[in-house]
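Trainee: Sharing a structure below in C-alpha cells format, with a few things to ask.
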Amino acid sequence: MKQSLGKVLLLILLTALNLWGTTYQWRLLEAPKSLYVNQSGVIRYECIFSTNAADYTIDFKPTGNERYKVSILTQRDRIVENKRIQTFDLLVTPLKEGVIEVSLEALVRHTTFASIENASIGRDNVKKYDFDDEKVPLPKVLIHAKENLAALSGEIALEVKIDKRSVIAHEPVHVSLFLRGKGNLDQYVPYELNISGVNVFIEEPIRDISPDTAGFSGEIRQEFALVSDKSYVIPKITMDVFDTQSQTIKRLQSDAVAIEVASGYERSNLLDPPQLSDWSNLARYTLYGALILMGVVLGEAVRRLWKLRPRRKSKQIYDDAKTSKELVMILALSGERVYEPIIIELESGTLDLREAKKRLDAYPNKSE
C-alpha cells in the first residue's frame, strides 16, 4: 500500500518527539491541614509535561475508603510555553476522627507509535490505539480530622413554611422545609416529623445542589402533609449543623406552630332542624320565610294589575270617517240594517259625528 507524503511526515515527526523523550512531574499545590469530620476541603494536584504531550492522556479516578471520601471537583488542561499542564481539584471529606492519609494514584497513558503508524496508514485490521500505561503514585496528603457530632457541616440556613393555621377536620396542612447554603448537603437525611394523633405524609427531598469547594451548594426542599380531626401543635424542627465559619455547632430551629382544627360536617347533622336557642339560625330561617311570603304577595299583585291593563280597541270600519256625510256613506255601504237609526239621525242633523261614533262603539251588534 502506498503511503501518502503527509502520513509519512507525521510519522517522522512523532518519531523525533519520541527520540527527544517526554517527561512529566506531579506536584501537590494545596491541601487542607485539618478538617472536621463531614467537612469538605480541596486538594489540588498538577501534572506538568516537558512537551505538549499530545500522545499522553491521564485517566484519574480517585477513590476513597472507610476513613474519607474523595471525588474530582474540577479538571483543567492547558498549554503554557509549549508545555502541557493538567490540574485536578479534588474534594475530600473525612468520615472518621484522627489523622487521615490520602494516598492516590493516577494512570498515565502513552499512545504507542506503532499504533499511530497503523492508524496513519489506514490498516484495515486496526480497530483501536494501543497504550503504554503507567500507574503513578501521587504525593500523599495528611489531614487531621477533628471530632464533629453534627451530621451536616457548612454554612447552612433553615426555613420552614406552613400554608395555613386553621383548618376543618381532615383538611391537610402543608409544611415545607428548606435547607439553603453550602456544605455537605449531599449527606442530608430526610427529616422525620412525628406528631401524636396526626397522620404525617412525607415526600422525598428535592435536591437542587451542585458541587462546590465547600462540598455542595444549593437548596434542599422537603414537603409534609399533616391530617387530623383535632387541634394540634407542630413542634419545633431542629437540626444541629457544624458551622465552618465559626468552627462551632449551631442549632437550626423553627418556631412551634399551633394548628386549630374545627369540626367538619357530619351526615347525621345535615337534616337536623335548627335549635330555637340558636338565634343566628332562627334569624336566617325567618329571613328565608319573609322572602318567600314577599314573593307570593308580589305575584298576586302582578296578576291583578294584569287584568286591569288597558286593552287595545279593535279597528272599526267607521274609524276613518272625518265628517257626518262620510260616516253615513260608510254605514250605508256596509249593508247592516242595525246602523239605519244612526244614519237617519245623522241625515236629520240631530246626531253629530262624535256622538255617533260613541253610540257605534257601544252598540252590541257592531261589526268587528
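The values are calculated or read from the model by the stated rules, or taken from the named source; none is laboratory data. Small disclaimer: the values here were computed from a predicted structure and weren't measured. Glycine gets a Cβ as well: all are built from the backbone with ideal geometry, and neighbour counts include every protein chain shown. Protein only, heavy atoms only, side chains kept; ligands, DNA and RNA dropped before computing areas. Shrake-Rupley method; radii C 1.70, N 1.55, O 1.52, S 1.80 Å.
Trainee: Net charge near Leu252, counting Lys/Arg +1 and Asp/Glu -1 over other residues with Cβ under 13 Å of its Cβ? Present the calculation step by step, with values, prior to reporting the outcome.
Mentor: Details: positive: Arg180, Lys236, Lys250, Arg251; negative: Glu155, Glu159, Asp240, Asp243, Asp255.
That works out to -1.
Trainee: What part of the accessible area of segment 140-197, given as a whole %, is carbon or sulfur when the probe is 1.4 angstrom? Working shown, then result.
Mentor: Working: 1520 of 3010 Å².
Of all accessible area on segment 140-197, carbon and sulfur atoms account for 51 percent.
Trainee: Still on this structure, I have one more. Viscosity 0.890 mPa s, temperature 25 °C: Stokes-Einstein D of segment 184-244 from its Kirkwood Cα radius, in µm² per second?
Mentor: On the way: Rh = 13.8 Å.
In µm²/s, the coefficient is 178.
Trainee: How much solvent-accessible surface does Leu351 expose, in Å² to the nearest 10, with a 1.4 Å probe and all protein chains in place?
Mentor: 20
Trainee: Add +1 for every Lys or Arg and -1 for every Asp or Glu among the other residues with Cβ under 15 Å from the Cβ of Ile100, and state the total.
Mentor: On the way: positive: Lys33, Arg67, Lys69, Lys96, Lys140, Lys146; negative: Glu66, Glu97, Glu101, Glu147.
Charge balance in the 15 Å sphere: +2.
Trainee: If you don't mind, another one. Simple spin-label model, 7 Å along Cα-to-Cβ: Thr286 to Glu155 in nm?
Mentor: Output for this residue pair reads 6.8 nm.
Trainee: Please give the net charge around Gln86, taking every other residue with its beta carbon less than 10 angstrom from that of Gln86, where Lys and Arg add +1 and Asp and Glu add -1. Mind showing how you got there, number by number?
Mentor: On the way: positive: Arg76, Arg78, Arg84; negative: Glu46, Asp77.
Within the 10 Å Cβ shell, the charges total +1.
Trainee: What percentage of all Cα-Cα pairs in segment 223-267 are separated by more than 18 Å? Intermediate results must be reported in sequence, preceding the final value.
Mentor: Working: 518 of 990 pairs.
More than 18 Å apart: 52 percent of the Cα pairs in segment 223-267.
Trainee: At a 10 angstrom cut-off on C-beta neighbours, averaged per residue, how do the peptides 160-172, 205-217, 32-44 rank from highest to lowest?
Mentor: Details: 160-172: 13.7, 205-217: 16.6, 32-44: 19.7.
Sorting 160-172, 205-217, 32-44 by mean packing, highest first, produces 32-44, 205-217, 160-172.
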